[in-house]
Amino acid sequence: MSRSPSSAQFTVSSPAFADGAAIPTRFACDGEGISPEVDWSGAPAATQALALTVIDPDAGGFVHWLAYDIPAASTGSLAENVGTAGGTPPQGANGRGQAGYTGPCPPSGTHHYVFTLYALDRTLGSTGTPARADLEAAMKGHVLAMTVLTGTYKQS
């Protein structure tokens with residue numbers, strides 16, 4: 001039995017690593033430090049925009065990436081090595097206080113990196129380089145669905 005697009009499950013994945021698996025070094029601070037490709041499918045039909053957060057809960061909620069007002073599509077992706085120049089989705093402040101992605105860089109042990117993709121019923125329209133709290137406040141009451149992908153990393 002096939003599912004109709006309206007009942008499809010909202011999922012997020014990456015061709016770089018499986019859920020619960022290690023993130024390759026090229027996406028970390030001791031590698032190239034570029035963002036991995038992030039793919040999704042099954043976004044609800046009413047989705048107007050997507051937002052992505054990447055958080056390290058093992059480092060007190062350190063923010064590795066905030067991207068928002070990603071164009072809505074039931075199925076889509078953010079390419080590998082998303083920069084902060086024009087043509088990319090707007091990006092908030094990471095834990096280093098800069099816009100864009102910052103790769104895993106745990107001081108010791110294995111850390112978890114939680115990629116959460118939100119389907120929103122509106123664009124956020126934030127300006128500047130918003131912090132995590134600002135984006136979470138703007139999303140409140142506008143999340144249609146969310147999905148999670150978790151990767152791990154330990155420096156060699």
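Each value in this text was obtained by applying a stated rule to the coordinates, not by laboratory testing. Everything quoted here is computed from the prediction, not taken from an experiment. Methodologically, a virtual Cβ is constructed for each residue, glycine included, from the backbone with ideal geometry; neighbour enumeration extends over all protein chains shown.
So what J values fall out for segment 144-153 if you push phi through Karplus, 6.51 cos²θ - 1.76 cosθ + 1.60 with θ = phi - 60°, rounded to Hz, Gly and Pro as x?
Here the 3J(HN,Hα) series is 7, 6, 9, 8, 10, 10, 10, x, 10, 8 Hz.
Which trypsin sites (Lys or Arg not before Pro) in segment 82-145 pass both tests, a DSSP loop state and at most 16 other beta-carbon atoms within 10 Å?
Hits after loop and neighbour filter: Arg96, Arg122, Lys140.
Counting only residues 5 or more places away or on other chains, whose amide H sits under 5 Å from the amide H of Ala21 once H atoms are built in the peptide plane?
Thr152
Over segment 1-83, consider all pairs of different Cα atoms and compute the Kirkwood hydrodynamic radius from their mean reciprocal separation; express it in Å, one decimal.
14.3 Å
Go through segment 120-127 residue by residue and turn each phi into a ³J(HN,Hα) via Karplus (6.51, -1.76, 1.60, θ = phi - 60°); whole Hz please, and just put x for glycine and proline.
Once θ is set to phi - 60°, the couplings for segment 120-127 become 10, 8, 7, 7, 8, x, 5, 10 Hz.
Taking the alpha-carbon centroid of each part, what is the distance from segment 74-122 to segment 138-153 in angstrom?
Rounded to whole Å, the Cα centres lie 12 Å apart.
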